[in-house]
Structures are given as C-alpha cells and as structure tokens.
1. Tell me the label-point distance for the pair Phe262, Asn241, using the 7 Å Cα-to-Cβ offset, in nm and rounded to one decimal.
2. Indicate the gyration tensor shape class of region 31-75 (rounded, prolate or oblate), computed on the Cα atoms with a ≥ b ≥ c the square roots of the eigenvalues: a/c under 1.5 is rounded; otherwise a/b larger than b/c is prolate and the rest oblate.
3. Using 0.36 nm per residue, how much length does the chain from Ser213 to Gln305 gain when fully extended, once their Cα-Cα distance is taken away?
4. Setting aside same-chain residues fewer than 8 positions from Lys163, which aspartates and glutamates have a Cα under 14 Å from its Cα?
5. If you roll a 1.4 Å probe over region 1-118 with all protein chains in place, what percent of the accessible area is carbon or sulfur?
6. Treat each spin label as a single point 7 Å out from the Cα along the C-beta direction, and report the Lys191 to Lys279 distance in nm.
7. At 7 Å along Cα-to-Cβ for each site, give me the label-to-label distance between Asn156 and Phe13 in nm.
8. Counting only protein chains, not ligands or nucleic acids, how are Asp172, Asp67 ordered by accessible area (probe 1.4 Å), most first?
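The values are calculated or read from the model by the stated rules, or taken from the named source; none is laboratory data. Note that the coordinates shown come from a computational prediction; the quantities given were computed from them, not determined experimentally. All Cβ positions, glycine included, derive from the backbone under ideal geometry; neighbour counts span all protein chains shown. To get the accessible areas, we keep the full protein, side chains included, count just its heavy atoms, and leave off ligands, DNA and RNA. Shrake-Rupley method; radii C 1.70, N 1.55, O 1.52, S 1.80 Å.
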Amino acid sequence: MQHLLVRYTCVDFKNIYVSIVDDDNFPKQKVSMNLPLLVQKLKSPGLTGSSHGLLCLNGSGDNPDTDMAVIWNVSIRKAVAVVIPNVGFEIYETKLYETNLGFGVCCVTTDPKIIKITHFNGYANMRGISRDETVDPWQVQVFALSTWSWRSPYNNLPRKSIKFGYSTVVIDGFLYWLAIDRFTLSSAIAKCNLIFSFDITNEEFREVGLPNSLAHQCSRNMKISKLRESLVVLEHGVEANNAIFSVWMMGDRVPQLFTKLFTFNVNAPHGATIRGFRKTGEPIIEIVEDNEISKLVVYEPPSKQIDNLGCDGLIFFFKCIPTWKHCFFLISRIEIFYNKGKPAF
C-alpha cells in the first residue's frame, strides 16, 4: 500500500509530518507520524530523497557547523545519522562552492547510498569572489551504509562545465539530477539545460539530453519528478493570475525522447508549485494564498476539480515525498548499525 508523506510548518513554526494513504478513499486516511529522535533533533531539515521505503533528510545537528544526513526507515521508526563532510570548509563559507546531495538504494545489494556533489558556484564571480584555478572546480563523494565511509568514484565523471541543480529523483536504481551546462559561445557565456543520471550500482554518470524547448528554457521554471515510475520534467509558467504547468515524460528506456503529456493551469495569483503526483497520476500542487500561507491540493485534469488535502502551512517549509511504500524492506541493515552502536534511534 502506498502512502504520501507530507511535511509542512504551521504558523507557530512547528513542523508537522502527516502520512496519507494513497487509495480509493484518498485523502481520508491521514495520520500524524511519530518521529525518531534523530529526525526531531535535525535543525532546518530538508529532503535529500526517498527510495525503497527509506527517507533521507539533511540539516544541521547539535553543532550548527556540522552538516548531517538522517536515513529514516519509516516502517520501523528507526534512523541513522551520517556526518556530511565539507570540501575545503574555509572556501565553502565564501559561497564559492555549493553542495548538492542525492540519495538512493542499490537495487543489487540493497545498500543505501548518499551522493554528495560539491561544485564551483557560477554566480560567485558576480559577487567579486575569484576562484583559485588550482583548486578542483568540483568533487563527487559517495557514502555507503554497508561500509560506513565516504569515497570518491572515478568512473565517467561529468565535465567541469556542468552545474548540478537541487531537483533530483530516483527511479529503477538511477538517481537523476536536473543540471546546467555552461559554455562559451562567440566570446559569451551560454547555458543549456540537461539531465544527468547516476547509476547507484556502478556509480557512473550519464548525460540525458532534453528537447530544444526545454534545453533553452529558464532553469528556474523547471524541475524533475516521478510519475508512475517514469521520469518527468515539469515546466512552469505564469499568465495573468494563472500558473501554467506542462508535464513531459521520458520514453521507456529511450533517454533522449521526451513527450509532452499534458498542459494545465490553476488560478494562483500568488504562486503555485507541483510537489509530486498521486499513484493515479493526478498532480499534487502547493498553492500560495494571499496571507502567505500555502495549501496542498490535488488537481484532476479531466474535471479541473481541485481537492484540498487539509495541510495548510508556511510556503517555504512545504515538502511532499511521493509514494513511499509501507514495507519492512532494509530492516536488517538499520538494525545492524543500531546494534553496533552507530547513532541510530
């Protein structure tokens, strides 16, 4: 049985985690969740990813200078904490570099992995910060739960002109990132949108091209998501008081082929964002109200009906984690590290 896990912040700044059963009675079966201690202690938590019934959150721990990731098995309410190392911390503080995280589970070994990409911030030069050309422009590190260690893969790394974004999704053992390729064209800096995949088993990157209309779209108007176990690109625009969304799906095992499934619009004078999809395919949308409070709704394209899920909160803390399965997968791995005295609660 599939669930949706929604995290939002009330007006009193209290984080609320709610599980909603994604079935024929949706969204009537909705319950608040009991959080492991490590999740409760995480400061300013953000979602790194979800895979095979596990969630990975990131934030700061008791020490505000220490970045942490928490891998949480929702079914057994157990979690483990992982320290995320900085690459050149004194440089990192100048915002010359920025870090992107990804999370997925190897389909072969069932080993959870955190992927950390630290790369040069292309906007740093605009703030008068010069880059030391002797320093590597970016670095990739992978953490495997089985070895409890970070290491750097060396296979088929992307070229130096690639800037990874924060939009990621895991499908069939591959982690996908929306990215930008920055290159020089006629003495000017040009940009092109593309997608990079990361094979969680082989730890190799591969490039996925986009149609011209998406490749040259403003990257701020795009994100990637998962719809019925397929990769989709979400294109966002605004017309008058309406938010306009187009959904493009990647062809089955044809990485370079994207087809536009549908386009729709919702009345949202103050903004709207697609947060994910139900298993039946309906988009789950965050709509901003005039009082800066957001509501989470489900949009039904055929009837254009909007159903409120009853999760209202502050816009900047809304998180929707699509389709985690209520299962007991990977219980043994979490229990092993719990019994070995690793930080698991």
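1. Between Phe262 and Asn241, the simple spin-label model gives 2.4 nm.
2. Numbers: a/c = 2.46, a/b = 1.52, b/c = 1.62.
Oblate is the answer for region 31-75, as a/c is 1.5 or above yet b/c matches or exceeds a/b.
3. Working: separation 92, 0.36 × 92 = 33.12 nm, distance 2.89 nm.
Between Ser213 and Gln305, full extension yields an extra 30.2 nm.
4. Qualifying aspartates and glutamates at Cα under 14 Å: Glu98, Asp136, Asp181, Glu207.
5. Values: 2560 of 4900 Å².
Looking at region 1-118 in its full context, I get 52 percent from C and S.
6. 3.8
7. The two pseudo-label positions are separated by 4.7 nm.
8. Numbers: Asp172 115, Asp67 45 Å².
Listed by decreasing accessible area, they come as Asp172, Asp67.
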